[in-house]
Structures are given as C-alpha cells and as structure tokens.
1. Can you name every residue in segment 59-81 that is of a type outside the set (A, V, I, L, M, F, W, C) and in contact with a helix residue (DSSP H, G or I) (Cβ under 7 Å, 6 or more places away or on another chain)?
2. Whether any residue in segment 44-52 is of a type in the set (Lys, Arg) and under 20 Å from Arg133 (Cα atoms) is what I want to check.
3. Has segment 73-89 got any residue that is farther than 15 Å from Ile112 by Cα and out of contact with any Leu (no Cβ under 6 Å at 6 or more places or on another chain)?
4. Examine segment 102-114 for a residue that is part of a helix (DSSP H, G or I), loosely packed, with under 12 Cβ neighbours inside 10 Å and free of Cβ contacts under 8 Å to residues at least 12 places away in the same chain, and state whether such a residue exists.
5. So Ile146 fits all but one of (1) under 21 Å from Arg8 (Cβ atoms); (2) within 15 Å of the chain's Cα centre (by Cα); (3) in contact (Cβ under 8 Å) with a residue 24 or more places away in the chain; what number is the exception?
6. For residues that are farther than 14 Å from Gln92 by Cα and either in contact with a His (Cβ under 7 Å, 6 or more places away or on another chain) or assigned to a loop (DSSP other than H, G, I, E, B) (or both), tally how many sit in segment 115-150.
7. For segment 127-150, how many residues are of a type in the set (A, V, I, L, M, F, W, C), buried (at least 23 other Cβ atoms within 10 Å of the Cβ) and over 20 Å from Thr70 (Cα atoms)?
8. Which one of these does Ser35 not meet: (1) at pLDDT 95 or above; (2) under 29 Å from Pro147 (Cβ atoms)?
Amino acid sequence: MLKGIDNRLNADVLYVLRSMGHGDALVIADTNFPSDSVARHTVYGELLRMENLSAADAVNAILSVMALDTFVDDFAGRMEVVGEPENVPTVQAEVQAEIDRAEGTPRPMIGIERFDFYDRARESYAVIQTGERRFYGCFLFRKGVIPPEA
C-alpha cells in the first residue's frame, strides 16, 4: 500500500498511467470486450486488469491520478449502443458522473460507433479490462497534463 494512492490501482495500472503522455488514449473495457486481442495491438501490448470493479469504480480510481485532456473534444468517449447512438445506458451515465466529479464541471463524453471504437482501441496506449458485466461498459480516455505549481 502507498499513501495517497487509491488501493484499487494495481502496480501494472500505475506503471502504464505514469508511462502515458499527453494525448495518449486509454481504453477501459467491460468483460465482453475483446480486451486481450485488442490489447496486443496497443502501444503497451499487454492486457491490464481491474477485474473486481465496475466501470465507474475503475474510472473513479484512474481519474484520482490521471488528468483528462482539455484541448480536444474526444477527451472521453463511450461505445455507442448499436442502432441507438443517442441511448446512454446506466453504466455510461455512472461513468459520466465520475468524469464530471473529477473535472469539477460537466464535460460530456462523445459517442463512438462500435467498430470505430475497436479501431481506436487498437491504436490506444493500453487496455484495462474491468469486472463490468453490463453491456456498453467500454470507454476511451485521453490523458491530459498537470500544470506546474505556481
């Protein structure tokens, strides 16, 4: 255990979050996402796991140490429901609430069509698979910057 570090963040996840740079993308995936095969195409190349957590719990832990990109509209994205791109399932609303809490202001995620999401995921820095069993619990986050202290 480390002081000030959320204990839901394991060593592998912390290593990757620290290794990522500004603008790098991170995928948070549910249990149905083809996480292992997609992760092999990422920069990191290996699947990371936060298996006993819901998507919202994993995002809460991740955003406790990672800033989101403030320079782009696609700072956070959600996999769209097939045939219903405007539908925001409960799992996605919960993650949106975690983003808003971390940001201190509402910043809506963009919707990403399913196969476009897969393509973006393969080009990401890393994939973290959660224990989320609800459908459409897949998200993409862009790492932001932490400004220097005054």
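The values are calculated or read from the model by the stated rules, or taken from the named source; none is laboratory data. As the structure is a computational prediction, the values presented were derived from the model and not from experiment. Methodologically, a virtual Cβ is constructed for each residue, glycine included, from the backbone with ideal geometry; neighbour enumeration extends over all protein chains shown.
1. In the first step, residues of segment 59-81 are kept if they are of a type outside the set (A, V, I, L, M, F, W, C); the result is 60, 64, 69-70, 73-74, 77-78, 80.
Hits for segment 59-81 are Asn60, Arg78, Glu80.
2. Yes: one or more hits.
3. no
4. Within segment 102-114, not a single residue is part of a helix (DSSP H, G or I), loosely packed, with under 12 Cβ neighbours inside 10 Å and free of Cβ contacts under 8 Å to residues at least 12 places away in the same chain.
5. That leaves (2) as the condition not met.
6. Residues flagged as farther than 14 Å from Gln92 by Cα and either in contact with a His (Cβ under 7 Å, 6 or more places away or on another chain) or assigned to a loop (DSSP other than H, G, I, E, B) (or both) within segment 115-150 amount to 13.
7. Looking only at that region, the number is 3.
8. For Ser35, the exception is condition (2).
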